[in-house]
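What follows is a short report on a single structure.
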2 protein chains.
Amino acid sequence: MEAASRLVTEALEGSRYALARLISLIEDDGVDARAALAALYPHTGQAHIVGVTGAPGTGKSTLVNQLAKALRARGVTVGVVAVDPSSPFSGGALLGDRLRMRDLAGDPGVFIRSMASRGSLGGLARATGDVVKVLDGAGFAVVLVETVGAGQAEVDIARTAHTTVVVEAPGLGDEVQALKAGLMEIADVLVVNKADRPGAANTARALEMVVGRNASRAAAGEDGWAPPILQAIALDGTGVPEVLDAVAAHREHLRATGLWVGRERARVETELLNALRQEMLDRLLARVRPEQIQAWVERVVAREVDVYTAVERLLDAGGR
Amino acid sequence: MEAASRLVTEALEGSRYALARLISLIEDDGVDARAALAALYPHTGQAHIVGVTGAPGTGKSTLVNQLAKALRARGVTVGVVAVDPSSPFSGGALLGDRLRMRDLAGDPGVFIRSMASRGSLGGLARATGDVVKVLDGAGFAVVLVETVGAGQAEVDIARTAHTTVVVEAPGLGDEVQALKAGLMEIADVLVVNKADRPGAANTARALEMVVGRNASRAAAGEDGWAPPILQAIALDGTGVPEVLDAVAAHREHLRATGLWVGRERARVETELLNALRQEMLDRLLARVRPEQIQAWVERVVAREVDVYTAVERLLDAGGR
């Protein structure tokens with residue numbers, strides 16, 4: 001506990017070493033992690049959390065890199081959390097995301113973290129949310145969260161951002177990938193990356209049609225924001241300032257309309273319910289003997305009883 | 001309850017109408033759903049559950065279609081569950097997966113279901129597992145589960161299969177997509193689809209290198225299975241029988257080594273823990289006033305307390 005609170009103090013004072021250790025501590029999710037998060041939490045709530053998501057091959061990693069550089073050029077500090085759908089077994093990131101960030105290395109106004117998979121449903125979302133809080137609490141003005149945006153957990157993570165940028169690229173297949181991945185409805189800013197490739201205009205048009213169709217969203221005044229569709233070439237930085245401007249405009253919109261706190265509330269509610277679920281399971285597992293759980297698993301495997309009936313009996317008996 | 005048990009009886013007798021209604025019932029996850037699953041569960045455990053997963057653009061939908069046709073040609077009944085990472089808001093599938101299955105329509109030995117997103121973390125995995133059980137219980141010999149394979153939830157779903165086929169295609173980007181998505185370690189059979197495209201041999205070689213590197217897995221005797229790397233052109237059916245042979249060989253391997261029941265046990269354990277978590281939350285929410293939960297959300301939003309502390313206090317007070 002003492003160590004955790006010292007790490008928090010040092011991280012708040014700007015120590016990168018403490019920050020890195022703090023994040024590792026939080027990823028490990030032990031008792032110290034909880035203490036550290038509790039100490040850090042009052043310092044959070046300042047950062048603009050921006051999700052950047054898109055199918056593999058859209059070049060969103062390059063875009064995130066360029067956004068970070070452009071933010072630094074404007075004097076804004078930036079944290080990057082890259083969520084790798086990495087190995088469920090090794091728990092390690094397979095590709096060195098940090099390598100591609102080489103030109104940002106050494107800049108104290110940037111901090112980049114690649115998340116390994118937590119190996120279990122929901123674990124990734126929890127860990128990502130906690131790491132974002134650490135970077136927020138440590139004072140980074142913008143936190144970019146990069147997710148692959150083709151899975152349920154990744155969409156859920158993207159939904160926790162204040163602003164979600166959905167990246168698309170021409171020529172990835174027959175259909176617009178963001179459409180296929182169900183990302184259109186969470187997009188606050190749409191970017192057609194690799195805009196120098198053939199088909200970019202078609203992709204933008206396809207997106208416009210869908211956004212137009214979704215105009216009910218803006219018209220209904222639900223949030224009064226029409227997602228802009230921008231073109232960019234992340235590789236050489238073309239269009240990146242415009243993306244940044246759109247992201248900033250969305251933040252102003254959220255602030256002006258009071259939607260900022262609405263998004264916070266939705267995120268907290270999800271986090272609270274997920275944490276409740278996990279904590280109750282942890283408490284149950286601490287009081288029920290493992291052999292008892294195992295016996296129910298065997299009964300389900302033998303088709304003597306189905307999972308839901310097993311759960312009810314288990315809770316009614318040992319667990320309540 | 002009466003209606004649910006009649007649906008189960010009729011579905012077991014082969015009524016497709018009852019089967020479709022039963023699946024809808026189970027997706028809705030009400031009291032009747034639990035009763036239906038309990039009635040159906042003793043009839044499950046016969047089907048070979050085969051996950052087919054890969055990044056968008058690999059052509060895995062076409063491959064699934066061809067696998068289903070080839071199975072039918074061998075006289076094997078087949079159920080297909082296509083997991084769409086579809087809209088988190090509308091909850092509806094955006095693309096008509098059933099359309100592409102046109103040539104299978106009217107065959108009573110095939111049943112195809114497109115899953116909509118459940119809109120919450122873990123919900124998709126639960127619903128998919130339950131629908132697979134319905135098709136298993138209804139007597140389909142093979143159940144193909146198609147997932148996009150680029151997200152945590154989707155990887156988790158793929159892991160619940162007896163056999164996982166990972167689909168790759170040349171030219172989707174700089175790196176092998178399966179590698180990037182962390183799918184290599186869950187692959188029992190690897191397929192390089194679109195093998196007539198340039199770069200197919202390179203993709204196969206890249207996969208072979210990784211599989212070779214993972215040889216420790218087979219060498220260590222963990223499961224004694226070296227995942228074959230096959231090439232296919234799903235569009236015209238080339239290589240599809242070989243994929244099916246590899247899938248069948250893997251089933252025989254699982255049966256012969258006793259790993260079949262091991263995979264069942266792992267799946268049941270995950271399902272049991274997830275169901276426990278959810279049931280405990282449901283019971284808590286039934287006993288705590290919504291305003292009480294909302295009050296804690298507000299305190300967390302106001303940074304008076306962090307989520308984990310809120311959960312502990314909530315459980316210690318109202319919730320025990």
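The values are calculated or read from the model by the stated rules, or taken from the named source; none is laboratory data. Remember, it's a predicted structure, so these values are computed and weren't measured experimentally. Methodologically, a virtual Cβ is constructed for each residue, glycine included, from the backbone with ideal geometry; neighbour enumeration extends over all protein chains shown.
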Select from segment B:252-265 the residues that are within 14 Å of another protein chain (Cβ to nearest Cβ) and either touching a Ser or Thr at 6+ places or on another chain (Cβ under 9 Å) or charged (D, E, K, R) (or both) and write down the one among them that is farthest from B:ARG74 (Cα to Cα).
B:ARG265
Residues of segment A:299-311 that turn out to be more than 7 Å from chain B (Cβ to nearest Cβ) and touching a Lys or Arg at 6+ places or on another chain (Cβ under 8 Å), as a count:
1
Across segment A:198-240, what is the number of residues that are modelled with pLDDT of 90 or more and on the phi > 0 side of the Ramachandran plot?
2
Tell me the residue from A:ALA226, A:ALA234 that is crowded, with 20+ Cβ neighbours inside 10 Å, away from chain B (no Cβ under 13 Å) and more than 14 Å from A:ALA161 (Cα to Cα), please.
A:ALA234
For segment B:203-221, check the following and say yes or no: at least one residue is assigned to a loop (DSSP other than H, G, I, E, B) and either at the interface with chain A (Cβ under 10 Å from one of its Cβ atoms) or crowded, with 19+ Cβ neighbours inside 10 Å (or both).
yes
When restricted to A:LEU40, A:LEU71, A:LEU19, the only residue over 16 Å from the mean Cα position of the chain (by Cα) and within 14 Å of chain B (Cβ to nearest Cβ) is A:LEU40
Determine which single condition B:LYS194 fails, assuming it passes every other condition in (1) within 26 Å of the chain's Cα centre (by Cα); (2) within 14 Å of chain A (Cβ to nearest Cβ); (3) at pLDDT 90 or above; (4) not in a loop (DSSP other than H, G, I, E, B).
(4)
Would you mind finding the one in B:ALA200, B:ALA249, B:ALA286 that is out of contact with any Cys (no Cβ under 6 Å at 6 or more places or on another chain), small (Gly, Ala, Ser), within 14 Å of chain A (Cβ to nearest Cβ) and free of Cβ contacts under 8 Å to residues at least 40 places away in the same chain?
B:ALA286
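Could you check segment B:298-313 and list, in sequence order, the residues that are assigned to a helix (DSSP H, G or I) and either of a type outside the set (D, E, K, R) or more than 10 Å from A:VAL268 (Cβ to Cβ) (or both)?
B:VAL300, B:VAL301, B:VAL307, B:TYR308, B:THR309, B:ALA310, B:VAL311, B:GLU312, B:ARG313
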Residues within segment A:245-297 that are surrounded by fewer than 13 Cβ atoms within 10 Å (Cβ to Cβ) and not in a helix (DSSP H, G or I), tallied
2
Of the conditions (1) hydrophobic (A, V, I, L, M, F, W, C); (2) more than 24 Å from A:PRO170 (Cβ to Cβ); (3) assigned to a helix (DSSP H, G or I); (4) touching a Leu at 6+ places or on another chain (Cβ under 9 Å), A:ALA38 clears all except one; give me its number.
(4)
Specify which of the listed residues (A:ALA55, A:ALA36) is of a type in the set (Gly, Ala, Ser), within 25 Å of B:VAL311 (Cα to Cα) and in contact with a helix residue (DSSP H, G or I) (Cβ under 6 Å, 6 or more places away or on another chain).
A:ALA36
Failed condition for A:ALA275, given (1) free of Cβ contacts under 8 Å to residues at least 40 places away in the same chain; (2) within 10 Å of chain B (Cβ to nearest Cβ); (3) under 33 Å from the mean Cα position of the chain (by Cα), with all others met?
(1)
Considering each of A:SER61, A:SER24 in turn, give the residue that is surrounded by fewer than 24 Cβ atoms within 10 Å (Cβ to Cβ), within 18 Å of the chain's Cα centre (by Cα), assigned by TED's automatic domain parsing to the domain that holds A:ALA161 and part of a helix (DSSP H, G or I).
A:SER61
Considering only residues that are surrounded by fewer than 22 Cβ atoms within 10 Å (Cβ to Cβ) and touching a Lys or Arg at 6+ places or on another chain (Cβ under 6 Å), look in segment A:42-56 and name the one that is nearest to A:VAL166 (Cα to Cα).
A:GLY45
Yes or no: segment A:247-265 includes at least one residue that is among the charged types (D, E, K, R) and at pLDDT 95 or above.
yes
